[in-house]
Amino acid sequence: MVMCIATDMDGTLLNQHQEITEENRLALLNAIEKGVHVVVATGRSYVEAKNVLQEAGLEVPLICVNGAEIRE
């Protein structure tokens, strides 16, 4: 069975400082380690979303610009 977590960024994954909380970061890394596919979907542009994820040490596929762009 394939499992997937798809999450939004703003108001879900990010805190008020526009950063991924340590708790969320560790939860996603734990899921990835267990073989769960993690995807982030956002209205943000690819560059905006990628920068936030890179700062948290996460490398996951992105659905950006409200679904207009998909990148691995």
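The values are calculated or read from the model by the stated rules, or taken from the named source; none is laboratory data. As the structure is a computational prediction, the values presented were derived from the model and not from experiment. Note that we place each Cβ from the backbone using ideal geometry, even for glycine, and neighbour counts take in every protein chain shown. Calculation scope for accessible area: heavy atoms of the full protein, side chains included, ligands and nucleic acids excluded. Shrake-Rupley method; radii C 1.70, N 1.55, O 1.52, S 1.80 Å.
List of remarks:
- Inter-probe distance in nm under a simple model that places probes 7 Å from Cα toward Cβ, at Lys34 and Glu55: 2.8 nm
- Entry comment: accessible area of the chain is 66 Å² per residue, from protein heavy atoms only and a probe of 1.4 Å.
- The chain - percent of accessible surface contributed by carbon and sulfur, probe 1.4 Å: 51 percent
- The calculated 222 nm mean residue ellipticity attributable to helices in the chain amounts to -9000 deg cm²/dmol, summing -39500 (n - 2.57) over DSSP H runs of n ≥ 4 and dividing by all residues.
- Dipole check for the chain: with +1 at the C-beta of Lys and Arg, -1 at the C-beta of Asp and Glu, and the Cα centre as origin, the magnitude is about 160 Debye.
- Full extension of the chain segment joining Glu72 with Gln18 gains 17.3 nm, where the gain is 0.36 nm per residue of separation less the Cα-Cα distance.
- Counting every C-alpha pair in segment 4-72, the share spaced more than 16 angstrom apart comes to 39%.
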